[in-house]
Amino acid sequence: MRRSLHALAGLSLGSALVITALPAAQAAPPPAGPAGYADVLDLHGVPANALPADVSDINVFADQGAWHAYALPKDPSTYGAFSGPMYIAQEYPWWLSKAFSRIRLRENGRDIDLAAAKKPVLTALPGLLRQSYDLPGLRLTLELRFGSDRSALVRAYLENTGTTARTLEVGWSGALLRPDTEPMRGAPSLRATGQGVAVDFAKVRKVWDYLTDGTERFEVVHAEPVRTTVTGDSYVTELARPRTVAPHRTTALTWTETYTFTAAERDRETPVVRDLLRRPEQAIARGDARWRGYVTAATRGVPADRRRAVVKSVETLITNWRGAAGMLKHDGVTPSITYKWFTGGLWAWDTWKQAVGTARFAPALAESQIRSMFDYQVRPDSPTRPQDAGMIPDCVFYNDPARGGGNWNERNSKPPLAAWAVWEVYRANGDTAFLKEMYPKLVAYHDWWYRDRDHDHDGLAEYGATVDPANDSTEERRQAAAWESGMDNAPRFDAALGTSVVDNRDANGRLVGYSLNQESVDLNSYLVAEKGYLAAIAARLGHRADAARYTAQARTLAATIRAKMYDPATGFFYDTDLTTGRRLVDRGRGIEGAVPLWAGVADDAEAARVRARLTDPAEFATKVPFPTVAKSSPYFAAQEYWRGPVWLDQAYFALAGLRRYGYGRDATAAADRLWRSADGLLGDGPIMENYDPLTGEPLNSTNFSWSAALLPGIA
């Protein structure tokens with residue numbers, strides 16, 4: 001059953017809606033967006049093709065969990081429209097149009113050319129997109145906000161700045177950007193409606209490119225009476241009657257743009273659309289107040305010169321917010337709307353980190369994100385994998401395998417940071433009921449690691465893989481285990497350096513999973529932290545025995561990590577060989593060796609030695625500090641995913657670790673250098689998946705959620 005953060009009920013959007021036309025005289029557009037935060041992210045761009053590049057070159061805006069998004073026009077050919085929308089075909093982003101709803105103004109039979117406006121203002125503000133055109137005796141302002149998780153609310157304000165009345169004919173036009181390959185070519189098609197225009201979608205099940213069920217619809221509904229004509233892939237909508245505007249008065253036109261996946265969604269959205277069209281000012285006031293709250297909370301305590309970047313992080317997370325749909329039962333945050341493979345699904349450890357950041361300004365959304373992953377926690381009565389009871393899958397998508405999805409992954413889990421996320425949300429909102437709800441689920445997840453991922457039962461867990469049809473060879477199992485670490489291609493997991501997998505069996509000899517033939521220092525440090533957070537949650541809920549047990553376990557595990565994984569000769573923490581216990585020093589130092597500081601595992605002397613590595617320019621103190629592999633390593637590669645680039649989550653852990661052990665000055669200096677050197681971070685460029693540690697060049701996915709989520713913590 002669909003569960004959203006928004007209460008919806010319903011009729012069909014296609015049914016007749018009785019809309020009272022708005023009066024001609026209207027107030028001017030309301031003040032919009034918290035002052036000082038215009039264009040923190042460059043959202044200008046017009047798509048040339050229906051299919052974006054794998055990493056789109058256009059940043060977009062969405063809100064409230066919508067599955068469609070918009071940009072600002074970049075050139076006069078699309079003035080008067082918001083670029084797009086970009087819509088998500090269940091799991092993949094596509095552009096519906098260059099500019100689907102372009103407003104047209106005519107007076108005395110002549111078009112008014114918006115390109116003739118004096119210095120058009122095309123700007124993004126927190127929570128909305130705005131365009132303003134100053135023309136002779138006339139000002140046109142367009143604003144786009146999201147009124148719900150399925151509908152954008154658009155208003156056009158026509159202000160007569162002259163001394164005589166103006167009578168204007170108003171219309172809208174648009175055309176589809178058709179996919180140019182089969183079977184997607186015929187997917188969208190236009191249809192006139194009594195209140196605007198609709199786009200219907202054919203059923204296409206192209207697993208790696210385009211997924212629709214033939215029930216999707218994009219629909220424009222106008223508050224005022226209109227008539228629409230469709231010609232092939234283009235349409236024209238005209239206001240039924242001209243609009244007369246008295247001198248120094250403003251009139252407003254209102255419409256919604258709704259993207260839904262199913263008829264049931266449209267039924268629920270119909271009264272929402274009706275209310276948006278009848279009472280747009282109320283929706284605008286609610287949305288603007290919500291965004292003022294976001295900005296105020298997110299920037300609290302942040303240095304002034306970094307607040308714009310932190311607001312950019314909020315905008316990134318909110319644009320990546322997807323409402324419950326398909327197999328996603330709760331609202332969640334995807335890694336990036338502008339990278340093809342990150343658009344329609346939710347990942348486990350991304351979610352834990354994103355929830356920590358989102359809790360700072362939207363704790364209800366943070367709670368929903370966590371639930372979105374625990375919806376698919378494996379239960380003991382699972383018909384396919386009961387041995388994995390408690391496990392959280394790596395990632396879940398709009399489609400599971402039974403629905404023909406190819407991206408859903410249960411071959412592995414992801415690093416255990418869920419209790420940290422739950423506790424941080426609780427710290428933000430004090431929701432004890434949420435702690436009570438999550439506690440048994442967190443315990444089951446924690447127990448799974450020791451039941452299925454501790455091969456020799458020595459209390460040190462390993463990353464590994466599940467008993468899954470896709471894990472059908474040693475190499476596939478090793479690859480899945482590397483994915484489980486989150487550091488997919490890090491040198492420490494190279495097969496060429498000896499990494500392989502071993503079988504894990506229960507007391508009855510039944511195969512329950514696979515482990516790498518090494519015990520990983522980051523995994524076990526995360527587990528120390530999780531025990532600490534479980535103890536805190538248990539204590540808050542009054543489970544004193546549990547709290548004492550987890551506290552004792554954390555101390556024991558920390559001591560084991562120090563004894564087995566800290567190398568006195570090099571002053572750093574390493575993974576260890578599962579059979580011999582040998583520290584894998586020869587694979588080079590990786591940023592995972594700093595996680596014991598974040599988790600409080602190291603003693604003071606060990607922390608001092610690790611600090612020396614973290615502040616050494618030949619090691620981790622590169623131009624952008626904290627590469628995933630030390631610069632001194634023979635396997636260091638500045639632009640190869642987890643073999644050198646700087647990931648902001650690992651920078652966050654390293655900085656927090658330094659601060660924990662009293663090295664605040666070092667942390668501040670490193671954070672300052674990171675802010676200055678990561679290209680675009682302080683400007684209007686997108687927040688990136690990672691950065692070149694030597695040059696600061698932005699790398700891989702744009703608008704990356706966990707980078708955005710942890711950015712305020714780096715400030």
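The values are calculated or read from the model by the stated rules, or taken from the named source; none is laboratory data. Worth saying up front: this structure is predicted, and the values here are computed from it rather than measured. Virtual Cβ from ideal backbone geometry, glycine too; neighbours counted across all protein chains shown. These area figures cover heavy atoms from the full protein model, side chains too; ligands, DNA and RNA do not enter into them. Shrake-Rupley method; radii C 1.70, N 1.55, O 1.52, S 1.80 Å.
Each residue of region 273-290 was assigned a 3J(HN,Hα) from its phi angle through the Karplus expression (A = 6.51, B = -1.76, C = 1.60, θ = phi - 60°), giving 4, 4, 5, 4, 6, 7, 10, x, 4, 5, 5, 5, 4, 4, x, 5, 5, 4 Hz with x at Gly and Pro.
For region 453-503, which trypsin sites (Lys or Arg not before Pro) are in a loop by DSSP, counting at most 13 other Cβ atoms within 10 Å?
Details: sites: 453, 477, 478, 492; in loops: 453.
Passing sites in region 453-503 do not exist.
Taking every Cα-Cα distance in region 393-483 and sorting them into 10 Å bins starting at zero, the pair-distance distribution P(r) comes out as 15, 35, 33, 16, 1 percent. Using the empirical formula 2.2 N^0.38 Å as the baseline, the Cα radius of gyration of region 43-93 reaches a ratio of 1.11.
Pop the C-beta distance of residue 570 and residue 49 into the FRET formula with R0 = 56 Å and round what comes out to the nearest 0.05.
On the way: r = 52 Å, r/R0 = 0.92.
The formula returns an efficiency of 0.60 here.
Shape class for region 603-691, computed from the alpha carbon gyration tensor (a ≥ b ≥ c): oblate, with a/c not under 1.5 and a/b at or below b/c. Couplings 3J(HN,Hα) of region 583-588, computed from phi: 6, 8, 5, 5, 8, x Hz, in residue order, whole Hz [Karplus 6.51 cos²θ - 1.76 cosθ + 1.60, θ = phi - 60°; x for Gly and Pro]. For residue 456, no residue 5 or more places off, or on another chain, has a built amide H under 5 Å of its own.
By the gyration tensor of its Cα atoms, with a ≥ b ≥ c the square roots of the eigenvalues, what is the shape of region 136-263: rounded for a/c under 1.5, prolate for a/b over b/c, or oblate?
Numbers: a/c = 2.86, a/b = 2.36, b/c = 1.21.
Prolate is the answer for region 136-263, as a/c is 1.5 or above and a/b outweighs b/c.
Solvent-accessible surface of the chain, averaged per residue with a 1.4 angstrom probe and all protein chains in place: 35 square angstrom.
Amide H to amide H distances under 5 Å link residue 635 with no residue, where only residues 5 or more positions off or on other chains count and H is placed in the peptide plane. For residue 660 and residue 555, the difference between the fully extended length at 0.36 nm per residue and the C-alpha to C-alpha distance is 36.1 nm.
Expressed as a whole percent, the accessible area of the chain that falls on carbon and sulfur atoms is 51 (1.4 Å probe). Taking the centroid of alpha carbons for each part, region 157-196 and region 313-343 are 27 Å apart. Remark: for residue pairs 206/441; 98/119; 312/414, the C-alpha separation exceeds 24 Å in 206/441; 312/414.
Placing unit charges on the Cβ atoms of the charged side chains and taking the dipole of the chain about its Cα centre, the candidate lying farthest along the positive direction among 237, 208, 71 is 237.
Karplus-based coupling profile of region 501-509, in residue order and whole Hz: 10, 10, 6, 10, 10, 7, 4, 8, x, with θ = phi - 60° in 6.51 cos²θ - 1.76 cosθ + 1.60 and x standing for Gly or Pro. For the chain, the longest principal axis of the C-alpha atoms and the axis of helix 544-565 are separated by about 70°. The orientation-averaged projected area of the convex hull spanned by the Cα atoms of region 257-319 comes to 5.5 nm². Selection among 423, 192, 464 by position relative to the dipole of the chain gives 192 as farthest towards the positive end (Cβ unit charges, Cα centre).
Short version: what are the Cα gyration tensor semi-axes of region 553-624, square root of 5 times each eigenvalue, largest first, in whole Å? Present the calculation step by step, with values, prior to reporting the outcome.
Values: eigenvalues 83, 47, 18 Å².
Semi-axes (√(5λ), whole Å): 20, 15, 10.
The calculated 222 nm mean residue ellipticity attributable to helices in the chain amounts to -9500 deg cm²/dmol, summing -39500 (n - 2.57) over DSSP H runs of n ≥ 4 and dividing by all residues.
Taking 21 Å as the straight-line reach from the Cα of residue 564, the lysines in range (excluding those fewer than 8 positions away in the same chain) are 531. By how many degrees, between 0 and 90 and to the nearest 10, does the Cα long axis of helix 418-429 differ from the longest principal axis of the chain? That works out to roughly 50 degrees. Net charge dipole, the chain: roughly 2060 debye, given to the nearest 20, about the Cα centre with Cβ charges of +1 for Lys and Arg and -1 for Asp and Glu. To the nearest ten degrees, helix 474-485 and the longest principal axis of the Cα atoms of the chain are 70 degrees apart. For a straight C-alpha distance cut-off of 13 angstrom, the aspartates and glutamates reachable from residue 623 (same-chain residues fewer than eight places away being disregarded) are 672, 679, 692, 697. Model label sites at residue 470 and residue 230, defined 7 Å from Cα along the beta-carbon direction, differ in position by 3.7 nm. Treating r as the C-beta distance of residue 74 and residue 668 and R0 as 41 Å, the FRET efficiency rounds to 0.60.
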